[in-house]
1. How much accessible area per residue does the chain have, in Å², with a 1.4 Å probe?
2. For the chain, with all protein chains present and a 1.4 Å probe, just round the carbon and sulfur fraction of the accessible area to a whole percent.
3. For Ala46 paired with Leu187, estimate the spin-label separation in nm (one decimal), with each label point 7 Å from Cα along the Cα-to-Cβ line.
4. Could you order Asp130, Asp24, Asp104 by accessible surface area, starting with the largest, using a probe radius of 1.4 Å?
5. Under a GNM of the chain (C-alpha, springs under 10 Å), which listed residue has the highest mean-square fluctuation: Val91, Val103, Val36?
6. Pick from Ile64, Ile118, Ile165: which residue has the top mean-square fluctuation in a GNM of the chain where Cα pairs under 10 Å get a spring?
7. Going by Cα centres, the stretch 2-40 and the stretch 153-179 are how many Å apart?
8. Largest first, how would Leu187, Leu126 line up by accessible area (1.4 Å probe)?
Amino acid sequence: ASSINNPSGITRDPAGNLVICDRDNHRIVTITPAGVTAVLAGSGIAGFTNGTGTAAQFNQPYSIVADASGNFYVTDRMNNAVRKITAAGVVSTLAGNGTGASVDGTGNAASFAEPLGITLTNSGNLYVADYATQRIRKVTLAGVVTTPVTGYMAFGMASDASNVIYFTNYFQNRIFKFTKGSNTPVLVAGDTSPGN
């Protein structure tokens, strides 16, 4: 009885509910194990507004990750920002200012260009695939943005218990990994040719 529009990112909250980036409805929705859907944040209209619940606005929220405290971090693709959502649905902008560029800095002094994949390491840092600039950005939970990796068109992001960061190299059909100590990607799988 519910509908979503091009869902992209997905994670879980501490209670076991799914939390979905309802990308083209410009909102974040929760889905209980029984299939009951509710809006956590987002008005359903594209915009760039902080606020609580449906008073907040996104523009193509793309990927989402949860922390142990029940907060969520979302790559807001067309707003070129990383947004934070509390368990109560309070939305703030962790980093980015809406400008499509790649500038390191803190909070709204930093900028992204179509951020897509996102992961959160055990050490408490976010890593974001800054798709249009072919960079991977590190974002602390205080909103400090730096650029540890350049030259890769990253799409999806993940990390493991040892804080190794993995990413998909979209058009090159490859998967790489790197550690925060070296920041030098190492090929995991793929040979640039599409195949199965």
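1. Details: 8670 Å² over 196 residues.
So the chain comes to 44 Å² accessible per residue, rounded to a whole number.
2. Numbers: 4360 of 8670 Å².
On the chain, the fraction of accessible area on carbon and sulfur atoms equals 50 percent.
3. 3.8
4. Details: Asp130 0, Asp24 45, Asp104 80 Å².
In descending accessible area the options line up as Asp104, Asp24, Asp130.
5. Most flexible of the set in this elastic network: Val36.
6. Ile165
7. For the stretch 2-40 versus the stretch 153-179, the Cα centre distance is 24 Å.
8. Details: Leu187 90, Leu126 0 Å².
Greatest to least solvent exposure: Leu187, Leu126.
The values are calculated or read from the model by the stated rules, or taken from the named source; none is laboratory data. Since the structure is predicted, the reported quantities are computational estimates derived from the model, not experimental observations. Please note: Cβ atoms are built from the backbone with ideal geometry, for glycine as well, and neighbour counts cover all protein chains shown. Calculation scope for accessible area: heavy atoms of the full protein, side chains included, ligands and nucleic acids excluded. Shrake-Rupley method; radii C 1.70, N 1.55, O 1.52, S 1.80 Å.
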